[in-house]
Amino acid sequence: MRQPLRGTEETSAQIFRFFPFPFSPPFGKGRVGSEWAILLKRRGKDWVPLPDVTYISYERLPKSWKRNEACPAIPELVIEIISPDQTLKEFEDKAKDYFAAGVSRVWIVDPDAINIKVFFSADSSQVYTDTTPIVDALLPGLELTVRQIFEEAELI
């Protein structure tokens, strides 16, 4: 398992902060987790990635799931943060794997470029920078900017 670097941990913490706990409206419809093991399929085999941040709705989350096991539900959203020893290309390929497994949305946070690339599908994405609001119908009520995240993490 990769060890997050200081900037990655802080960026992850700031993103996590923008997703209120499960009982807070309007997101009281699911769980948000940091480095949460999820059980998916990749090329027909079990795959257990640990995204930096994950959102899974209660609709998808099985009541029988034991929290000490990898979650078998397919997330609506995974957020990955690029560490200095990783490349955007690696995460673009990983985004394709997430979509093939049924994930609805993938965000790739690039601390060096100070941007967030939001994938709406394996072939459709948008890069957000500075103060352009990230608004997504998948997460109604959520509105944040790249600048907010990076300033809160004291990375800019």
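Structural remarks
- Cα-Cα over 19 Å, subset of 41/94; 96/117; 45/89; 41/63: 45/89; 41/63
- Gain upon complete extension [residue 121, residue 37; 0.36 nm per residue less C-alpha separation]: 28.1 nm
- Ranked by how many other Cβ atoms sit within 10 Å of their own Cβ, fewest first, the residues 105, 147 fall in the order 147, 105.
- Extension gain, residue 90 back to residue 130 (0.36 nm per residue minus Cα-Cα distance, nm): 12.0 nm
FYI, it's all coordinate maths here, none of it is from the lab. This is a predicted model, so every value here is computed, not measured. Here Cβ is always computed from backbone atoms with ideal geometry, including for glycine, and neighbour counts include all displayed protein chains.
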